[in-house]
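Below: one structure, written as structure tokens.
The values are calculated or read from the model by the stated rules, or taken from the named source; none is laboratory data. From a predicted model like this one, the values you see are computed outputs, not experimental measurements. Because the Cβ atoms are built from the backbone with ideal geometry, glycine has one as well, and the counts that use them run over all protein chains shown.
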Number of protein chains: 2
Amino acid sequence: MTVKKRSRAKSPAVAADADTEQRILDAASTVFLRRGTAGARMQDIAAEAGVNHALLHYYFRSKDRLAEAVFRRAATRLLPPFVAILGSDLPLDEKVARIVEHELDQLREAPYLPGYILSELNHHPERAAQLVQTLAGVDPERVRPAIFATLARQIDERVKAKKMRPIAVEQFIVNLVSLCIFPFAARPMVMTMFGWGDEEFARFIDRRRRELPAFFLEALAR
Amino acid sequence: MTVKKRSRAKSPAVAADADTEQRILDAASTVFLRRGTAGARMQDIAAEAGVNHALLHYYFRSKDRLAEAVFRRAATRLLPPFVAILGSDLPLDEKVARIVEHELDQLREAPYLPGYILSELNHHPERAAQLVQTLAGVDPERVRPAIFATLARQIDERVKAKKMRPIAVEQFIVNLVSLCIFPFAARPMVMTMFGWGDEEFARFIDRRRRELPAFFLEALAR
DNA sequence: GTCATGTTTGACAATTCTGTTAACACCAAT
DNA sequence: ATTGGTGTTAACAGAATTGTCAAACATGAC
């Protein structure tokens, strides 16, 4: 009834003022990431976007749908690069270095992302499955082996060459991701514990970006 | 007006049925940890505790206060042991081993804890400061140096003895905590990614408990 | 027994929040 | 100019949620 085909044929004259739907989505991201889905109010999102709150419903029908759009976009920015790098055929230490650099660069720009995503997945675990599907384009049953295979082979090679102590692929991945993402998810706690402001935290991350690959690889070297 | 001195002189005859205030706090923990503070409903907590929801207000005055009580209790269970071990005078590798074991044992029982605490601190960063104070009994300005001093000295000694590569204390701590806590905070994602159920995740944690100390210490050994 | 005190409940008030509707402005095409 | 469609708003309806209150209830003391 209210749903129309949304052909965004933006008036070519006014290029400066962004597409409304986009502006709403951006505002929703801002608010949802800070307050969480349950804690956010539609009214606040409307204010942040500078529009009447009825417009949110016009474009996204309900809070649930808007929240899902935001979540999907957020997750899409966080995970795929990770999977791409891990599943590539770069040498193992190159993979580690790239992931650390990419992830830390990314999160420096969007520090609320990890906390938001972890929190949402804790409250709606069912979204995780749906998410992995969306990200992969196919179902996880087919993507997982692909990543696992190359990674397991690389680890195996280095173990056989006596260059690395053995480790399960799952532990390898979780360790790497933990070290990259956790500091951002726990940022308020970290900053308080160490008595830091934003600049100190930034320096901490800079240093981490340099030192983490070596730390991780040394943990496995022999 | 409604606040009375709450002398819990529990009727000694009926020891089985727990103190109501305690039952409410337990129920609130359950619900808040699962749904988050903003997502939880007072009605649900009342139902979980098996009482009328007016009782929640009778004992805790408002949702905010109840939420704070729950948060304080949760944080009190997670952090102090960590600080205690880290600040003790055990040898360094013993500290690492103990923290890994204790933390993983603890979290196996309460897997929602990390996600809840991280989430709450993201939405109310101001609570972090207040929390650290409460935990320490004194202000963080005095506790922090204490932990730092012993830890920094231990690291320094091993570095000088050519047994360890140098690392900043902050990075040391964050790395250790990341590896312990993150897997639980990201549990839904981890389980989905790997296609696991509860048993597989439990086995994963078991293995982690055994292997993590070595992983961590090897990362720094030379 | 009844009185006093703390506990518990059902009903209700007040507010906040989501979602809907009808009117209006603007532009494009006929 | 008129018509039709899209985007936008103000006002409103309905639901859900937090919080209050007076009355009922238990229990031990006198």
Identify the single condition in (1) at pLDDT 95 or above; (2) in contact with a helix residue (DSSP H, G or I) (Cβ under 7 Å, 6 or more places away or on another chain) that B:R34 does not satisfy, given that it satisfies every other one. (2)
Between residues in the stretch B:37-64 that are of a type in the set (V, I, T) and residues that are within 11 Å of DNA strand C (Cβ to nearest atom) and in a loop (DSSP other than H, G, I, E, B), which pairs lie under 9 Å by C-beta distance while being six or more apart or on different chains? B:T37/A:A38; B:T37/A:G39
Do you know which residues across the stretch A:48-75 are within 14 Å of chain B (Cβ to nearest Cβ) and either more than 8 Å from DNA strand C (Cβ to nearest atom) or basic (K, R) (or both)? A:K63, A:A67, A:F71, A:A74, A:A75
Note on A:T134: of the conditions (1) under 25 Å from A:A110 (Cα atoms); (2) within 10 Å of another protein chain (Cβ to nearest Cβ), unmet is (2)
Cβ pairs under 6 Å, 6+ apart or interchain, first in the stretch A:184-199 and in the same structural domain as A:P114 (by TED's automatic domain parsing) and within 21 Å of A:Y116 (Cβ to Cβ), second at pLDDT below 95 and among the small types (G, A, S), ordered by first then second residue, are A:P188/B:A128; A:M189/B:A128; A:T192/B:A128; A:T192/B:A129
So which helices (runs of 4 or more DSSP H) are wholly in the stretch A:169-222 and hold at least 2 residues that are more than 7 Å from chain B (Cβ to nearest Cβ), aromatic (F, W, Y) and under 15 Å from A:F82 (Cβ atoms)? A:169-185
Please verify whether the stretch B:16-28 includes one or more residues that are modelled with pLDDT under 95, under 20 Å from B:L121 (Cβ atoms) and out of contact with any Asp or Glu (no Cβ under 8 Å at 6 or more places or on another chain). no
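Yes/no matrix, rows are residues, columns are (1) farther than 26 Å from A:R108 by Cα; (2) aromatic (F, W, Y); (3) within 15 Å of the chain's Cα centre (by Cα):
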site	(1), (2), (3)
A:M42	yes, no, no
A:E48	no, no, no
A:A54	yes, no, no
A:R61	yes, no, no
A:R65	yes, no, no
A:R72	no, no, yes
A:P80	no, no, yes
Any residue in the stretch B:85-105 that is among the aliphatic types (A, V, I, L, M), away from DNA strand C (no atom under 16 Å from the Cβ) and more than 19 Å from B:I181 (Cα to Cα)? yes
Given (1) at the interface with another protein chain (Cβ under 10 Å from one of its Cβ atoms); (2) in contact with a strand residue (DSSP E or B) (Cβ under 9 Å, 6 or more places away or on another chain), number of the condition B:R158 does not satisfy: (1)
Could you list, in sequence order, the residues of the stretch B:24-42 that are more than 10 Å from DNA strand C (Cβ to nearest atom) and within 25 Å of A:A67 (Cα to Cα)? B:T30, B:V31, B:F32, B:L33, B:R34, B:R35, B:G36, B:T37, B:G39, B:A40, B:R41, B:M42
Scan the stretch A:158-171 for residues that are free of Cβ contacts under 8 Å to residues at least 40 places away in the same chain and under 14 Å from A:F216 (Cβ atoms) and jot them down. A:Q171
If a residue has to be closer than 15 Å to A:V132 by Cβ and in contact with a strand residue (DSSP E or B) (Cβ under 9 Å, 6 or more places away or on another chain) to count, how many in the stretch A:62-106 make the cut? 0
